[in-house]
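Here is the structure we will look at.
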Amino acid sequence: MKNIPFKAVAADMDGTFDNDDLTFDHSRFEKVLTKLRQRHIHFIVSSGRPLVRLRRDFAGFLDRIDMIADNGSLLIQDDSIISNHVLTYKTAVALINFIQDNYPEAHIVASGMDHAYLSKNAPTDFKRLMHFYYPNEIQVDNLPEDIPSNERVTKLTLNCSAELATKIESRFNKFNGERIHCTTSGFDDIDIVPYGVNKAQGLKYFLRYFNVKPSELIAFGDGLNDKEMLELAGYSYAMANGDERIKKLAKYQAPSNNDSGVLQVLEKYLQ
C-alpha cells in the first residue's frame with residue numbers, strides 16, 4: 001500500500017470543498033473518505049459555517065468525520081459538541097450595538113447555539129442567502145434586544161466590505177474588556193468570533209487528541225479565514241480560485257473548487 005505523508009485532512013467549505021453552487025460530489029467523497037479511513041486518516045471539516053448547516057451538508061457522513069464550525073468556535077466529534085467558545089451575552093449585545101451605531105450599512109446575523117438571529121428589516125437578498133447558511137434562523141423586530149439572554153452567541157456574520165474587519169476589531173477592542181477577532185473569507189462578509197479563536201486552534205485540539213503532528217496535516221483553503229490553518233499544516237494547499245494572498249502563503253496549489261480540487265488532490269495521494 002502506498003505510503004501517505006499525512007494523517008489528517010482539514011478542508012474549508014465555501015470556495016474550497018463546495019463548488020460555486022454550494023454542493024459537492026457525495027459519491028466521490030464517499031470513495032475518498034472510505035480510502036482515508038482504511039489508512040486511519042482523519043477528515044476534519046474546517047469551516048466558518050454554523051453547525052446546523054454542516055450537519056445538513058454532511059448528512060450520512062457525520063459518524064466518520066470531525067468538524068470545526070463557526071471558524072473555530074465549535075468543535076464536533078461523533079456529531080457531538082466537544083468544545084465551544086462563545087461571546088458573553090453582555091459582549092454580544094455591546095458588539096451588535098457598536099456595529100449598528102458605527103457601521104449601519106452592515107447587515108448582521110448573530111449565530112447562537114440554539115438559533116441564529118437577524119432583523120426582519122434586512123434586505124430580502126441577504127435574508128435569502130442567510131437562510132441557506134442558517135436554516136435555524138429567527139427574524140426579530142430588534143437586534144440585539146430580541147436575542148434571548150440565555151443564548152450563547154458563537155459568532156456574528158456581517159454583510160459589508162471585508163476591508164472593515166481590522167477597523168471593527170481594533171475599535172471595539174479598545175473599550176471592551178472581552179476582546180473579539182474579525183476575519184473574512186475574502187467576500188463581502190466578516191465573521192466575528194471570540195479573541196484567539198480560529199480554525200488552527202481547533203485543529204490543534206484535534207491533532208493532540210489524534211496524536212498527529214502539524215507536519216502530518218494536509219489542509220485546503222481559499223480565503224483569509226484559512227490563513228492560520230494553512231500556516232499550521234505541513235501540506236498546505238490554496239485553491240486555484242483562492243485569494244492571491246493565500247496562494248502566496250500556501251506551499252501548493254489545488255485545482256479550483258468547481259473542479260473538485262480537494263478531492264482531486266486527495267485521490268492522487270490515495271492512488
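The values are calculated or read from the model by the stated rules, or taken from the named source; none is laboratory data. All values derive from a computational prediction rather than experimental measurement. When we count neighbours, we look across all protein chains shown, and the Cβ atoms used for this are built from the backbone with ideal geometry, even at glycine. The area values use the complete protein model at the heavy-atom level, side chains included, leaving out ligands, DNA and RNA. Shrake-Rupley method; radii C 1.70, N 1.55, O 1.52, S 1.80 Å.
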- Expected vector for the stretch 243-252, Karplus 3J(HN,Hα) from phi with 6.51, -1.76, 1.60 and θ = phi - 60°, integer Hz, x for Gly and Pro, equals 4, 4, 5, 6, 4, 5, 7, 6, 7, 9
- Query: Can you give the extra length, in nm with one decimal, that the chain gains between A240 and R39 once fully stretched, where that is 0.36 nm per residue apart less the Cα-Cα distance?
  - Reply: 69.6 nm
- Query: What order do H85, H181 take when sorted by accessible area (1.4 Å probe), most exposed first?
  - Reply: H85, H181
- Item | Long-range Cα-Cα pairs in the chain (distance over 26 Å), rounded percent | 39 percent
- Message: For the stretch 145-231, what does the relative contact order come out to in percent, with C-alpha contacts under 8 Å and a separation of six or more?
- Response: 27 percent
- Message: Please give the charge dipole size of the stretch 1-51, origin at the Cα centre, charges +1 on K and R Cβ atoms and -1 on D and E Cβ atoms. Round to the nearest 20 debye.
- Response: 580 debye
- Query: What are the lysines whose alpha-carbon lies under 20 Å from the alpha-carbon of K268, with same-chain residues fewer than 8 places away excluded?
  - Reply: K2, K7, K31, K35, K251
- Message: Apply the Karplus curve 6.51 cos²θ - 1.76 cosθ + 1.60, θ = phi - 60°, to the phi angles in the stretch 2-11 and return the couplings in whole Hz, x for Gly and Pro.
- Response: 4, 6, 9, x, 10, 10, 8, 10, 10, 9
- Shape call for the stretch 14-172 from the C-alpha gyration tensor, a ≥ b ≥ c root eigenvalues: rounded (a/c under 1.5), prolate (a/b greater than b/c) or oblate? prolate
- Sequence-separation-based contact order of the stretch 1-112, relative, with Cα cut under 8 Å and 6+ spacing, percent: 18 percent
- Query: Hey, which lysines would be in cross-link range of K155, C-alpha to C-alpha under 21 Å, not counting anything within fewer than 8 residues on its own chain?
  - Reply: K90, K120, K127, K167, K174, K199, K204, K227
- Query: So how strong a dipole does the stretch 183-266 carry about its Cα centre when Lys and Arg Cβ are +1 and Asp and Glu Cβ are -1, to the nearest 20 debye?
  - Reply: 440 debye
- Task: Of the options A240, I192, N150, report the single residue whose Cα projects farthest towards the positive end of the charge dipole of the stretch 138-271 (beta-carbon charges: Lys, Arg +1; Asp, Glu -1).
- Result: A240
- Item | Spatial separation of Cα centroids for the stretch 218-256 and the stretch 28-57, in angstrom | 18 Å
- Using θ = phi - 60° and the Karplus form 6.51 cos²θ - 1.76 cosθ + 1.60, what ³J(HN,Hα) does each residue of the stretch 88-94 get, whole Hz, x for Gly and Pro? 5, 4, 4, 5, 4, 5, 4
- Message: Suppose the chain between N142 and H26 were pulled fully straight at 0.36 nm per residue; how much longer would it get relative to their current alpha carbon spacing?
- Response: 37.8 nm
- In the chain, what % of DSSP beta bridges are antiparallel (nearest 5)? 55 percent
